[in-house]
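The values are calculated or read from the model by the stated rules, or taken from the named source; none is laboratory data. Keep in mind that this is a model prediction, so the values were computed, not measured. As a convention, Cβ positions derive from the backbone with ideal geometry for all residues, glycine included, and neighbour counts pool all protein chains shown. For accessibility, only protein heavy atoms count, side chains too; no ligands or nucleic acids. Shrake-Rupley method; radii C 1.70, N 1.55, O 1.52, S 1.80 Å.
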Amino acid sequence: MGFLSGKRALIVGVASDRSIATGIAAAFAREGAEIAFTYQNEKLQSRVLKLANRLEQNADLCFPCDVSDDDEIEAVFTELAKSWDSLDILVHSVGFAPREQLEGGFAAAVTREGFKIAHDISSYSLAALTKGALPMMQGRDAAILAMTYNAAVQVVPNYNVMGLAKASLEACVRFLAADLGAQGIRVNAISAGPVKTLAAAGIGGFRKMLKYAQKASPLRRTVTIAEIGNVAAFLCSDLASGITGETTFVDAGANIMAMTFDED
Ligand code: NAD
Ligand code: 0WE
């Protein structure tokens, strides 16, 4: 029996086989969880359905959800409640800023609109989805998980306003954890090292960043979505019942280094 057997999870943020959310779904399925999914738009629907089938999950539990739309968020939980009377786990694996925000110097790139969109999609959406999930999480020892990046804490060139949005997301995790702890609900984040996903593929010089991450990490390599999925499964399971409000690094140790190695 897996350590998530009997748990019901909603996973938000699958866009491809390379998505971090896909690695999380695979680990959840392996550990015995039942999984429902959302997809951002019709373009991504078939990919999410295929993943649900591959993981032997009920493909009827795949719902459209653009997280910038309150009506779509509400509809997800209305629909989900028709099949499930409760929810144990919510995974938020969503981040977005307009492309132009992620190029060049911060001061030159940032705009009021770019700031608003980045914070809405990447941070507020965690609070919005949590509000929607709460009624189904009552009396469950439920867990909520978000995905962040170290640029919330230390400057990474070109990440720009997304760094501010991730700082806001990490604070959102802490405020939700403090607020919902009395209801037995835990809220945590994973701070992942760079992974070549769709969101990363569009970034100029991403290959160089992966190379740097290899060189700069104690393990001398990058992390896989399977490794992130395993930590996600742990944090959302009763094995982690004493952990809340925390940001756990899954980055091959890169964040502890003040200087890179000079090898070969
Ligand atoms: P991805 O492109 O596979 O996933 C990003 C997801 O965000 C997609 O599923 C996309 O549909 C969704 N999304 C964007 N805007 C949305 C909206 N308006 N409504 C609903 N969904 C929306 O990329 P990923 O790398 O797996 O990203 C997942 C999370 O991991 C993000 O929060 C990202 O910031 C974080 N992260 C990624 C890395 C990395 O290097 N890839 C590192 C650390 C953290
Ligand atoms: O969180 C991310 C990616 C976030 C992201 C990616 C895109 C690309 C396409 C947000 N918005 C968009 N908008 C688009 O139009 N990561 C942690 C991966 C990432 O992105 C970077 C990185 C790293 C690492 C951008 C600049 C520098 C480093």
So for the pair SER241, SER86, with labels modelled 7 Å out along Cα→Cβ, what separation do we get in nm? 1.4
Two-site label geometry, ASP262 and ASN41: point separation in nm, points 7 Å out along Cα→Cβ: 4.8
Using alpha carbon centroids, what distance separates the range 55-72 and the range 1-21, in Å? 13
If amide H atoms are modeled at 1.01 Å from N in the peptide plane, then the residues at a separation of 5 or more from VAL250, or on another chain, having amide H under 5 Å from its own are SER191, ALA192, GLY193
With every protein chain kept in place and a 1.4 Å probe, the residues CYS236, CYS172 fall, from largest accessible area down, as CYS172, CYS236
Among GLY13, PRO64, ALA142, flag the residue with its Cα farthest along the positive direction of the charge dipole of the chain, charges on Cβ as +1 for Lys/Arg and -1 for Asp/Glu. GLY13
Residue by residue, what Karplus-based ³J(HN,Hα) values in Hz, rounded to whole numbers, does the range 68-81 have, using 6.51, -1.76 and 1.60 with θ = phi - 60° and x for Gly and Pro? 7, 10, 4, 5, 5, 5, 4, 4, 4, 6, 4, 5, 4, 5
Among 49-58, 83-92, how do they line up by average Cβ neighbours within 10 Å per residue, starting with the highest? 83-92, 49-58
Dipole in debye (nearest 20) - the chain, about Cα centre, beta carbon charges: Lys, Arg +1; Asp, Glu -1: 720
Residues whose placed amide H lies under 5 Å from that of ASN160, excluding near-sequence neighbours: none
May I ask you to rank PHE175, PHE96, PHE28 by accessible area, largest first, using a 1.4 Å probe over the protein chains only? PHE175, PHE96, PHE28
Most fluctuating residue given options ALA127, ALA182, ALA192, as computed from a GNM of the chain linking Cα atoms under 10 Å: ALA182
Sequence of LYS43, LYS7 from largest to smallest accessible area, 1.4 Å probe: LYS43, LYS7
When the chain is modelled as a GNM with alpha-carbon springs shorter than 10 Å, which of ALA27, ALA108, ALA15 fluctuates the most? ALA108
Residue by residue, what Karplus-based ³J(HN,Hα) values in Hz, rounded to whole numbers, does the range 106-116 have, using 6.51, -1.76 and 1.60 with θ = phi - 60° and x for Gly and Pro? 4, 4, 5, 7, 6, 9, 4, 5, x, 4, 4
Angle check, please: helix 42-54 long axis (alpha carbons) against the longest principal axis of the chain (alpha carbons), in degrees 0 to 90, nearest 10. 70
Compute, for the range 56-120, the length of the dipole vector about the Cα centre, with Cβ point charges of +1 (Lys, Arg) and -1 (Asp, Glu) only. Units Debye, rounded to 20. 400
Over the C-alpha atoms of the chain, what are the Rg and the largest Cα-to-Cα span, Dmax, in Å? 17.8, 59
Whole-Hz Karplus couplings 3J(HN,Hα) for the range 134-143, θ = phi - 60° and coefficients 6.51, -1.76, 1.60, Gly and Pro as x, run 3, x, 7, 9, 4, x, 10, 6, 7, 9
Surface/4 of the Cα convex hull for the range 117-247, nm²: 8.5
Please give the charge dipole size of the range 104-208, origin at the Cα centre, charges +1 on K and R Cβ atoms and -1 on D and E Cβ atoms. Round to the nearest 20 debye. 260
To test your reading of the geometry: what angle, between 0 and 90 degrees and rounded to tens, separates the Cα axis of helix 206-216 from the longest principal axis of the chain? 80
Hey, can you find the accessible area per residue of the chain for me, probe 1.4 Å, expressed in square angstrom? 49
Cα-based Lys pair tally, the chain, threshold under 24 Å, eight or more apart or on separate chains: 16
Measuring from the longest principal axis of the C-alpha atoms of the chain, the long axis of helix 20-30 (C-alpha) lies at a number of degrees, nearest 10, equal to 40
